[in-house]
Every structure is written in C-alpha cells, then in structure tokens.
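Take a look at the structure below.
The values are calculated or read from the model by the stated rules, or taken from the named source; none is laboratory data. Keep in mind that what you see is a predicted model, and the values were worked out from it rather than measured. Here the Cβ positions follow ideal geometry from the backbone for every residue, glycine too, while neighbour counts run over all protein chains shown.
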Amino acid sequence: MGTNLLTKSALLVSLVLVVSIVAVACSDGRADKSVSAASFATEEMGFDSGSDGGFFGGEMAVAPGGPDFFDFPEMESAKTVTVERIVEVEGEVATQSTSGGSREPDDSSLPSVAVQDRIIVRTVDAGLVVKDIPAAIDAIEGIADSFGGWVINSSRGSHNFAFVSFRVPADQLDVAMDLVRDLAEEVESENTSSRDVTDQYVDLTARLRNQQATETALLGLLNRAETVEEALNVQKELSKVGEEIERLQGQIKLIEETSAFSLVNVSLRRAPGDMTVDAGEDIAGAVGEPMRFKASFMPPEDAEDFLVTWDFGDGSEPVRINRTAPTQDEGERVTATITHRYGDDEDSPYIAEVTIESVNNGRAELVEGSDIVEVTISQLPRIEVFAGQSQMVESGETVKFSGSFTRPSELTDVSFTWDFGDGSELVEGTLAAGVTAALAEHDYSDDRPAPYRATLTVIGQSEAGEVESQSIVMIQVVEAPGYTLGGWSAGDSWKTVVRTLSGIGQVLVTIAFWVGVLSPLWLVLIGAVIWRRRSNAPVI
C-alpha cells in the first residue's frame, strides 16, 4: 500500500511539472525574462510585498487616517483593463486577452489600456509661494476633489510652510496643475517625472496567466484525486499558486491605478510681507576711509525684534545686527550705524543692500523689506603742504607766514587755517581757483625757551570726499632788548643786580637752613667746651 502511495504521489508531482512546462511554452517569450515573481517589485519598481509602504517606498504611510494606497475610488474609466497582445502558439498567430484583475480571465474586471499606447506613471513635484497657506491648502483639496481625485497627505510645519500631496486622473493632470499654479504668487520650482512601466506590466500579466493555468491544472488533479493524501498534496500546491496569483494581481492593479491617477506633491511657502526700508542717499568716499551706513524702516505694528543684514557689495562677509531704535516719526525705526572700509575702487560704484526681517524668538516671520544705496569709492587726491622755514623773532615782533601747497585739478572749495600755537584766534581763509599760497601775519607777545608750533591746514573738496593736509613751522620767540646808552643798558643792569641779589639771598637762606638743622649738635659741642674749661680751672 505504501509503495503504491509513493508511486501515485510521484506521478502527481510529475504531472504538475509537465502542466507548468506546457503553460510556460504557450506563454509569451517575454515572460522568460522574469527571474522570480518578486523581481519586478524589488528591482524595477521598489515594491516590497512584505512591507506596509506599498508602491514608491511607502508613499501612503505619511497620511494617517487617509485612504489606503490600494483603496482607489471606483471610477468608470478605471474599473477594467484589457491588454491585447499578439502571441504565437505552435506556429499559429492568435490574439489573447489577459486579465490582471481576477483569478479568472474576465474582460470586465480591469480598466481598458492598450499596450501599444504605453503605460506611463507621472509624478509632479512643485514649490509655490502663496499669500495665505490655509487658503491655498483648501483650494488644492478642492481642485483634487473636483477632478475625482483625493488628498493623500496635508501637513503644516509652521504658519510659514506646508506640504500637500494629492492624486488626480492622469488625463486631467495638466489642467489640474494650471489651477494649482494660479494659486501662487511665485512658482519657485516644478519638476515632472514620467516612468514607463509597460514592460513590467506585460511581464506581470504573463506570469499571472502562467499561474492561472497552473491553478486550472491543479484543480483538475484535485477532482481526480483518489485518496485524501493526494487531495491534500494538490491542495497545498493550490494554496501556493493562489497566493502568487493574488500577489501578482495586487502588483498589476497597483500599476493600473498609479498610471490612471498621477501623483502631485506641492510644497507651500508663505510670501514675505512688505516692509518699507530706506537705506538713505547715495554716498561717496575714498579707499580705506570709514563709510557710515544707517537705514530707517516702517515695521508692522506687532513686530518688536528685527534682524538687519548689510551686504556692502564688495565680496566681504555680510554684517548682521539686531539693534534698532524708534524715531520721532510715528511708527518709524532706525538701525544702529555701522562702518565699513572699501579696500579698492576697481569695482566702484558698489551697491550696498540692507535687508530687514521681523523675527520672533530668533525665527524669521517672513515680513521683510530691503533697499540699496550706491557707494562711489575713489582714490583721494593728495595735497602737499609746506608751512615755511623756521624763524627766530623777538617778542612783540610781527611774524609773516607764507605757506604753499599743491592743488590737484579735481579739488574744489579750497580753504586754509593758520593755528599759531599760542592760543590766539585762528586765521582762516578761502582761496580762489589756481591760488596755491596761504599768507598770514601774527605777533607773539611773550618769549619763551621752547619754540611755538604754527600749523597750516589746507582743506579741499573732491568727488571722493573732503581732503585735508597739514604742515608745521617752528617759531622761536626771544626777549626783546631794552633801552641802551653808550653800550650800557639800564634794563640789563637792573636785571643783573636782581639776579645777583637773588643768588646771595639763596646762599643766605641755605646757610640758615643748615644752621637750624645742625643746632642740636652745636649745643652739645658748646656744652662740652664749657664743662671742660670748668674742670680745668684751678681751685682757690
């Protein structure tokens, strides 16, 4: 009995193998390209039958509570698909209708798609700038619903950014995208990708037919099974084949539905609010000269903190500050003054730009404004100044000053200032065109050992700004001689007497000082002399 059972089981397995080989031979030659039932899912399309993500690496997992990836709305145009393929069977040409929607071939179970028209999966990724993010989300949901589509995911990270993902019928994608673009102040980016999955679809349907043919053969064997063991063995094989059929049908349906409904991913960013900024008048300066920058602006009423960024246009690092203050004008604020030095004038004029953003807890609130100021930088012309030769004069004598200087042609409004170094009033003057000398006169009333320092300053105006240069001349003032008679000067004599008496007085004062200091010593010496004399006197 055992031998008979083993023999029948071997025959049963052999029969199943023969049926499978015949079915493969009758199928399209393209099915031979598929190495395994899972190759399409794992290598070509990223589908993993054991994962929860579904097609495109778990796209639907981002929509908790949303529609399941395979839960597509029923549409008349997406209920059935029939793929007409021309195959050659034993030298005869025949037309086969393959079905991927049911276990039994049925033209009413799948949407109608022609292989020669290709099966294309389209995806659009777009970035939009909108005024009102909540209103834009509602509008996008309405667009998807109006075309028979649905929203897969809608998320909002902050009141400045959001993301919406939805599907619409593939033949309505272009019209839907036109409506989405109309919502934007600016379309920052848009990328459309298309994937041809026709070959994968054909391979899957061929493998499905093979499995269905195997299932039919196994059902025939099951009906002819003579023992329970034979029936159980056939049923085990039927279960494996049934699972494979369901998996292939799921993948086929996935391709059909994803090609029938295109995916659109939209990133939304709120448009910045307007803020009026004034960077001031255009300025000019010289290479290496510190340039001062300050801007005024009108912020929103509820804004308190601001980030100010200055870009000076010369390739240096932008400078950021957050110091602002209100002005006397209602609602206006002004930034702190900053300085910047330009190292050359090769790219002059430079365009300096200031951008001011309203911030909250260090985060930009997308309320900003900007303005520019033109900065003209040039090399300053040089003025060479000569204040004259050093002089020696008597007190009370009039000193004539004659300074000179070079005068570049680009200088205008040239003026000069003489500072005589004795605290007297400055002498200022304006020089006519072509004049290169600065003249002045001054009387020094007091003589002194150290010379006076007289300074000549010449100032001129140029396109790069004010040019200033100085030079110094030393004036030695000595005492003027008094009245003389026969070479004798009363003034000099009197001075000599005074100086002599002063010297004698100083000596006497010094002697008196030392006598006072040494008086205790003198007293001791005098006392010692008196005692000695008394001790040596004869006794009477």
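Some values worked out for this structure:
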quantity: Any chance T339 is in contact with a Pro (Cβ under 6 Å, 6 or more places away or on another chain), loosely packed, with under 12 Cβ neighbours inside 10 Å and not assigned by TED's automatic domain parsing to the domain that holds A135; calculated: yes
quantity: Test: residue in region 368-384 that is exposed (fewer than 13 other Cβ atoms within 10 Å of the Cβ), under 30 Å from P299 (Cβ atoms) and hydroxyl-bearing (S, T, Y); calculated: no
quantity: Subset tally (residues that are closer than 12 Å to V124 by Cα and either touching a helix residue (DSSP H, G or I) at 6+ places or on another chain (Cβ under 9 Å) or buried (at least 20 other Cβ atoms within 10 Å of the Cβ) (or both)) for region 178-194; calculated: 3
quantity: Within region 118-149, tally of residues that are loosely packed, with under 15 Cβ neighbours inside 10 Å and either of a type in the set (A, V, I, L, M) or within 33 Å of the chain's Cα centre (by Cα) (or both); calculated: 6
quantity: Residue selected from region 222-258 under the condition among the small types (G, A, S) and in contact with a helix residue (DSSP H, G or I) (Cβ under 9 Å, 6 or more places away or on another chain), by the criterion modelled with the lowest pLDDT; calculated: A225
quantity: Among (1) within 15 Å of V385 (Cβ to Cβ); (2) surrounded by 18 or more Cβ atoms within 10 Å (Cβ to Cβ), the one test that H442 misses; calculated: (1)
quantity: Region 405-437, residues that are surrounded by 11 or more Cβ atoms within 10 Å (Cβ to Cβ) and closer than 21 Å to V478 by Cα; calculated: D419, F420, G421, D422, S424
quantity: Residue pairs meeting the criteria (Cβ under 8 Å; at least 6 apart or on separate chains; first under 15 Å from S395 (Cβ atoms), in region 473-501; second modelled with pLDDT under 55 and not β-branched (V, I, T)); calculated: G491/Y483
quantity: Every residue from region 401-430 that is closer than 20 Å to L380 by Cα and outside any strand (DSSP E or B); calculated: T406, R407, P408, S409, E410, L411
quantity: Selection status of V367, under 51 Å from the mean Cα position of the chain (by Cα) and at pLDDT 90 or above; calculated: no
quantity: Number of the exception - S402 against (1) touching a residue at least 40 places away in the same chain (Cβ under 8 Å); (2) out of contact with any Ser or Thr (no Cβ under 6 Å at 6 or more places or on another chain); (3) surrounded by fewer than 19 Cβ atoms within 10 Å (Cβ to Cβ); (4) outside the structural domain of S316 (by TED's automatic domain parsing); calculated: (1)
quantity: S146 being within 23 Å of R269 (Cα to Cα) and among the hydroxyl-bearing types (S, T, Y); calculated: no
quantity: Of all residues making up region 235-266, the number that are polar (S, T, N, Q) and more than 49 Å from the chain's Cα centre (by Cα); calculated: 3
quantity: Condition met for T309 (among the hydroxyl-bearing types (S, T, Y) and more than 30 Å from E466 (Cα to Cα)); calculated: no
quantity: Qualifying residue in region 160-173 (condition: of a type in the set (D, E, K, R) and farther than 19 Å from S259 by Cα); calculated: no
quantity: Elements of type strands (runs of 3 or more DSSP E) contained in region 217-301, each with 2 or more residues being surrounded by fewer than 16 Cβ atoms within 10 Å (Cβ to Cβ); calculated: 290-293
quantity: Pair list, Cβ < 6 Å and 6+ apart or interchain, from region 341-355 residues that are more than 14 Å from E281 (Cα to Cα) to residues that are small (G, A, S) and at pLDDT 90 or above; calculated: T355/S370
quantity: Residue, modelled with the lowest pLDDT, within region 267-281, restricted to residues that are more than 16 Å from T309 (Cβ to Cβ) and among the aliphatic types (A, V, I, L, M); calculated: A271
quantity: Residue count for region 346-358, restricted to those that are surrounded by fewer than 17 Cβ atoms within 10 Å (Cβ to Cβ) and at pLDDT below 90; calculated: 2
quantity: D132 vs. criteria within 25 Å of T192 (Cβ to Cβ) and at pLDDT 65 or above; calculated: no
quantity: Subset of region 134-166 [aliphatic (A, V, I, L, M), touching a Ser or Thr at 6+ places or on another chain (Cβ under 9 Å) and part of a helix (DSSP H, G or I)]; calculated: I137, I140
